[in-house]
Amino acid sequence: MADQRHSPTADLLIRGAVVVDGTGGPTVPADVAVVGDRISAVGELADHDARETIDARGLTLAPGFIDVHTHDDWALLADPDLGFKTLQGVTSVVVGNCGVSPAPASELTTGTTFAGMGDYLAEVAEFPPAVNVAALVGHGSIRAAVIGLQADRPGDARERSELVQHLVDALESGVIGLSTGLAYEPGRYAPQEEIVELVGIVAEAGGVYATHMRDEADDLLASVDEALAVAAATGVRLQISHLKSAGRRNWGSVTGALTRIDEARAGGLAVTADAYPYTRGSTWLEQIVRAGALDGPSAFGHLEPEQVLVAGAPRHPEWEGRTLAELAADRGTDWRRFADQMVGDAGRECLVILDTMDEDDVRRVLAHPWVMIGSDGLPTGTRPHPRLHHTFPRVLGEYAREVGLFDLATAVHRMTGMAAAGFGLSDRGEIRAGAHADLVLFDADAIVDTGTYRAPTTVPAGIRMVMVNGATVVQDGAVTGARPGRVLRRLGRSV
């Protein structure tokens, strides 16, 4: 990094950090100056004056982490400090995943009244959170509003036209693309032709298509093939969400999925994926029951009651932190019958953690060079999946430092520069002059996740400071209350 001298007085000067710049290149000792919301200089800045100086010797400075797969849509308004993200170094989130976005209002988005994504983004911009926000519009939300949540049929001509109009309106409001949840209602009822039509519009707009595929268990490879076929038909940039293989009998099949995607990339398709560093997933109990996962093979695998742990149940907090097997045994009732009763009592509010994956598979996916990091956390209940609070420190502490799956610079690149490029977030994800001052300062020898499935909401260790757009949102393991986040609109536009 070249010396950069004779610059104006900085608002902040971070001295002597080991800089991991987000590009995947080698780490370099350097000073970093911040003026306003931007990085003004990087290098040996001995002659720079600053209103505030941080002695960062012995610490690592990286771009703020970008969580490319979140379900923070409602939390951004209800809990704008978003401490469960900022305390782990996250400075930007992508919402609207798995086919579910807060708009348009429908049976799928009970409790919201946003007619379109423009209304939602305007609300976030008016009451800014601590982090930056980029949004996808959910195909499931659109389909539920137009055709219905449980309508198992293709749309007619009028309905297809309405689906298109909702998507166009969302793109014009600044969403960065479309997501699908093809394992869930109503996405699972949509034929491939419907997806191709909508994704074609996204491709023309320069957006991204993120998909929770139809099946992550027995039919994983067929689901990958469908996603790749949609990308080939439209030319869209494809993001495969939380790539994994669910169910013991399917362990190892991620190798075939990775090979298929490698071949598609070699053939010219723009395909990447994201993953979280855990062997358990999380979703709504209602969806796994309706998909038949407790009765036999399904898109979520075949689940036994010991594999289902309740993470959140606002109407029944006594369920939280207990398995379906434990809850049924306490009541002296059949576990399968009790699962139906839980759905009847709690509906879509009951979130569960599912023990379905293999550690070797998790490592195979994380090690692949085009895989980004996404938490897929669901911010509900007293015992959410620990990925909500700990994904990024776990990657850096467990998989980079302890396991050696990749080096520090590679890990940081996956969660910063690669993510920003893939989702079109301009001037984010890198430490360089002119980039936005989204930064995280941490101890590379100490950073680690501290949460467990029974106690998931602890604060990760090793993070000293987090900055968003030049404002400090975390200092020494505590949120500051600052809320400098911005809405990051398609093709780099922001408010």
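The values are calculated or read from the model by the stated rules, or taken from the named source; none is laboratory data. Owing to the predicted nature of the structure, the values given are computational and were not obtained by experimental measurement. Cβ placement follows ideal geometry from the backbone for every residue including glycine, while neighbour counts extend to all protein chains displayed. Surface accessibility is based on the protein's heavy atoms, side chains included, excluding ligands, DNA and RNA. Shrake-Rupley method; radii C 1.70, N 1.55, O 1.52, S 1.80 Å.
What the table shows:
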item: Surface per residue (accessible, 1.4 Å probe) for the chain, Å²; result: 35
item: Dimensions (Å) - the range 109-161, Cα atoms, principal axes, largest first; result: 41, 21, 15
item: Per-residue HN-Hα couplings for the range 169-181 [Karplus 6.51, -1.76, 1.60; θ = phi - 60°; Hz; x = Gly/Pro]; result: 4, 5, 4, 5, 7, x, 5, 8, x, 10, 10, 10, x
item: Compactness index (Cα Rg / 2.2 N^0.38 Å), the chain; result: 0.95
item: TRP335 - accessible surface, heavy atoms, 1.4 Å probe, Å² rounded to 10; result: 70
item: Long-range amide H partners of ALA210 with built H, under 5 Å; result: LEU178, SER179, THR180, GLN239
item: Packing-based ranking, highest mean first, of 231-241, 62-72 given that Cβ atoms within 10 Å are counted; result: 62-72, 231-241
item: Mean shadow area of the range 1-91, taken as a quarter of the surface of its Cα convex hull (nm²); result: 7.1
item: Percent of Cα-Cα distances greater than 18 Å, calculated over the range 54-189; result: 56
item: From phi via Karplus (6.51, -1.76, 1.60), per-residue ³J(HN,Hα) for the range 121-132 in Hz, x at Gly/Pro; result: 5, 5, 5, 5, 5, 6, 10, x, x, 6, 10, 6
item: Bins of 10 Å from zero: percent of alpha-carbon pairs in the range 390-431; result: 31, 45, 22, 1
item: Cα centroid of the range 425-495 to Cα centroid of the range 75-100, whole Å; result: 11
item: 0 to 90° range, to nearest 10: angle between helix 220-234 axis and the chain longest Cα axis; result: 70
item: Cα-based shape type of the range 274-326, given that a ≥ b ≥ c are square roots of the gyration tensor eigenvalues and the cut on a/c is 1.5; result: oblate
item: Accessible area of the chain belonging to carbon and sulfur atoms, whole % at 1.4 Å probe; result: 48
item: Rg/Rg_ref, the range 65-141, where Rg_ref = 2.2 N^0.38 Å and atoms are Cα; result: 1.03
item: The chain: relative contact order in percent, alpha carbon pairs under 8 Å with at least 6 residues between; result: 20
item: Label point at GLU263 placed 7 Å out along Cα→Cβ; residues across the range 228-256 whose backbone nitrogen lies under 11 Å; result: 256
item: Stokes-Einstein diffusion coefficient of the range 416-495, Kirkwood radius over Cα pairs, 10 °C, 1.306 mPa s, in µm²/s; result: 111
item: Distant-in-sequence amide H partners of ASN132 (H built 1.01 Å from N, under 5 Å); result: SER92, VAL93, ARG486
item: Mean ellipticity per residue at 222 nm, deg cm²/dmol - from DSSP H runs of n ≥ 4 across the chain, formula -39500 (n - 2.57); result: -8000 deg cm²/dmol
item: Phi-based couplings in Hz for the range 185-201 (Karplus 6.51, -1.76, 1.60; Gly and Pro marked x); result: 6, x, x, 5, 8, 7, x, 4, 4, 5, 5, 4, 4, 6, 5, x, 5
item: Under 14 Å, Cβ to Cβ, from ALA471 - net charge with Lys/Arg +1 and Asp/Glu -1; result: -1
item: Principal axis box of the range 169-289, alpha-carbon based, largest edge first, Å; result: 42, 37, 27
item: Long-range HN-HN contacts of ALA50 with modeled amide H, under 5 Å; result: ALA10
item: Cα-Cα separations in the range 135-237 greater than 16 Å, expressed as whole percent; result: 52
